[in-house]
Amino acid sequence: MTRAPSPVPVAESAIRPDGDRRDGGHLLRLPEQPLLRHLVLMVFGAGLLYLLTQSLSAYNNFQVGEIGAFAIALAGLSVLTGQNGQISLGHGALMAIGAYTVALLMVHTHLNLVVELAIATLVTTAVGVVVGVPAARLGGAYLAGVTLLLALTVPLLAAQYGSIFGGEQGLTTTPPSAPGTINPERWLAWIQLAAALVVMVLLGNLVRSRFGRAFRAVRDDDVAASLAGIHVTRTKVLAFSVSAGCAGLGGALLVLSTGVVNTGEFPLTLSIELLAGMVIGGAGTLVGAWWGAIALVYVPQWSTSLSSRLSLGTTVAAYLADALFGAALIVVILAAPSGIQGSLRRLAHGIAAATTGRASPPNPPAALARLLRSADVPGGTRSSSDASTRSRDRSPDQVATKE
Amino acid sequence: MELGSGHLGWAREVALHTGHDGGQGLEVHELSVHFGGLKALDRVSFDVGMGEVVGVIGPNGAGKTTLFNVISGFLHPSGGVVRWRGRDLRHHRPHDLGRLGIARTLQGVGLWPRLTVAENVACGGEPSLRADVVSAIAGVWRSSGEERRLSHRVGQLLEELDIAQWAGRLPGALPHGVQKRVALARALMCDPALLLLDEPASGLSETDMADLSARIHALRARMSVVLVEHHMDLVMAICDRVVVLDFGQLVAAGTPEEIRSSSAVTTAYLGVAVGADVDASESDHAAG
């Protein structure tokens, strides 16, 4: 294996998804090397978020921090569902596991916060492996069933072992102390957002690696994937455990905002809301996770103020947020299946095409288009219907014989 | 069932006569696969030498795909053994094939609809990749450098198969012939020594078929090829030897000429009454 790469005939980006690639066009040319590319985006995002947190009030900073925590959990879920095609109904419970882990560490030890967060992530990742292995071996929709079971049992276990987990009162956590004169809410938001940005970079790297490609291959056709040399079970378990680790870190960071973790904090409905938020933001995209996180933080708040303005009963008010999520989910699935992020991307391409006056198909990506400018690339635009118009042309007997 | 068992004794003899010394290639020995009472494969034996092109033909339900499924590890045999380069393939799984030097294409195209052509082909290089999860998440050279080399290889192969201009496109919208070539490129990514082609010519135009024929002919310098195919003219033109299956049994094996003149084959395919017509049409194809 030579370490000096010869000229690359096909742009390296061609073997990666155009998931949330920002072509940048003539405005901004991002490096092709994934790590560099993601670090540039991270610095850019960090600058924006710094300016945002500086201009916001303490309460709004508190919410922005929560958005960061949810974005981590949603990004993991998005990789699992959007990239690998698996459904988890238990990500709320995985968040709870992360939250309880960090709370227990805070109660019983005096470790550095970063270490505590890392441990919470690792513990949840391990739970992901334990849950993911049998589910992946069974295949099909078993992961949804097993994770639903997780969502139902985690609150019960926490209540059952009240002496450890604090029962209904739960465990209280100490918020990180801000250095100097920094406002504590702003400091907390910085911690949560910094973690979120790091996770985005790492997930971005993963999605653009051989493993991300394997995730998508397994999602689209696991028989073909195994013939290509991809270990289907291992790939599914990897996707789920990475996604679980993200949920755990998200839960651990969220508990820093709420200050308490108890059995009522992570109900089954949270798992469903996470799924809804992920789809609304745009399944499979990391930027979409942020849109979903914004929805997860603000929809309950709006529904509370809406129900008090309409003077609805407390029972109605309690379920209004879920009803809104359900309605939004239906609208998104019918009107914009690729979610907010997918719609924005299409809009951006439309604007780019209109301003440059040329037909600009979203695909092939800019780098590839440059390379192939002499080649005959038909001008037809790629649309999401491409995938759906192609049916699986596998004979039934062959499907029946797959593992 | 009656039809198949009637030819059994004769077929064994043919297999013995044409049997190659395939010590370093693929040996299928007394292979049986039973699904309950159904014998999908019944003591089938043949072998494929290095650099040989062997066609497997037979009517629908003859066991051709079952045979491929056993070789590629989707099914485990009820009896008999598949030997590859002198080694028994007993407990292998499909994802081991690449490391064993075996690649297989699927019926239809079997491409991933939401991966670009380049990504589809890149996945075929999976067996050669060594980057671990941690380096992939960290995005360090171990992973990204490997990806760079992989993309180089993908580019070469796309050029070789004349599909480079489709690299960034989704396969679903492309002409069927291009999709079939993408599927072939994916299979070739692992540099196989044995290539299993499951109906490579299905749905191809005449031009594409001629192109495929030339490509398989060129590939034999690098690998053995086993193809399941219904297009007799293609099979007769490019195969060194042909194996005929019917109702799970090997009813004939031999050179294309021997198979063409075999009454058992025409019987298996079409019954005795119309056998004469088939002979005539096949001679025409052979001439062309």
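Just so it is clear, none of the values below were taken in a lab; they were calculated from the coordinates. Just so it is clear, the structure is predicted and the values come from calculations on it, not from any experiment. Heads up, the Cβs are rebuilt from the backbone with ideal geometry, glycines too, and the neighbour counts pull from every protein chain shown.
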Practice problem: List every residue whose amide H lies under 5 Å from the amide H of residue B:169, counting only residues 5 or more places away in sequence or on a different chain, with H placed 1.01 Å from N in the peptide plane. | Solution: B:117, B:118
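Averaged over every viewing direction, what's the projected area of the C-alpha convex hull for segment A:46-118? Give it in nm², one decimal, please. Could you put the intermediate results ahead of the total?
On the way: hull surface 26.6 nm².
The Cα convex hull of segment A:46-118, projected and averaged over all directions, gives 6.6 nm².
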Quiz item: Local charge sum around residue A:96 (other residues, Cβ-Cβ under 15 Å, Lys/Arg +1, Asp/Glu -1)?
Solution: -3
Quiz item: Among B:102, A:182, B:216, which comes first, then next, by fewest other beta-carbon atoms within 10 Å?
Solution: A:182, B:216, B:102
Practice problem: Rounding to the nearest 20 debye, state how big the charge dipole of segment B:171-219 is about its Cα centre with +1 on each Lys and Arg Cβ and -1 on each Asp and Glu Cβ. | Solution: 140
Self-check item: C-alpha center-to-center spacing [segment A:285-312, segment B:63-93] in angstrom
Solution: 56
Self-check item: Surface/4 of the Cα convex hull for segment A:105-195, nm²
Solution: 7.9
Exercise. Quick one: Debye curve from the alpha-carbon atoms of chain B only, equal weights, vacuum; give me log10 I(q)/I(0) at q = 0.08, 0.10, 0.13, 0.16 Å⁻¹ to two decimals.
Key: -0.36, -0.56, -0.90, -1.28
Practice problem: Restricting things to alpha carbons, tell me how big segment B:109-191 is in terms of Rg and Dmax, in Å. | Solution: 13.0, 39
Self-check item: For B:172-180, mean number of other protein chain Cβ atoms within 10 Å
Solution: 3
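Relative contact order for segment B:109-191: what percent, with Cα pairs under 8 Å and sequence separation of 6 or more? Could the numbers behind the result be given before it?
Values: 90 pairs, mean separation 43.6, N = 83.
53 percent.
Please report, in cubic angstrom per residue, the volume enclosed by the convex hull of the alpha-carbon atoms of segment B:69-226. Intermediate values should be presented prior to the final figure.
On the way: hull volume 20.7 nm³, N = 158.
For segment B:69-226, the hull spanned by Cα atoms encloses 131 Å³ per residue.
Considering only DSSP beta bridges whose two residues both sit in chain B, what percent are antiparallel, to the nearest 5? Display every interim value, and only then the final one.
On the way: 19 of 35 bridges.
Percentage antiparallel, nearest 5: 55.
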Exercise. Over segment A:35-162, consider all pairs of different Cα atoms and compute the Kirkwood hydrodynamic radius from their mean reciprocal separation; express it in Å, one decimal.
Key: 16.9
Practice problem: Please arrange B:169, B:149 by counting, for each residue, the other beta carbons lying within 10 Å of its beta carbon, fewest first. | Solution: B:149, B:169
Practice problem: Work out how much length residue A:137 to residue A:60 would gain on full extension: take 0.36 nm times their residue separation and subtract the Cα-Cα distance, in nm to one decimal. | Solution: 23.3 nm
Quiz prompt | All-pairs alpha carbon distance profile, segment B:64-111, 10 Å steps from 0, percent | solution = 25, 58, 16, 1
Quiz item: By count of other Cβ within 10 Å, fewest leading, how are A:187, A:291, A:302 ordered?
Solution: A:302, A:187, A:291
Quiz item: How much net charge surrounds residue A:64 when only the other residues with a Cβ under 15 Å from the Cβ of residue A:64 are counted, with Lys and Arg +1 and Asp and Glu -1?
Solution: -1
Quiz item: From a point 7 Å beyond the Cα of residue A:328 in the direction of its Cβ, which residues of segment A:88-103 have a backbone N at a distance under 15 Å?
Solution: none
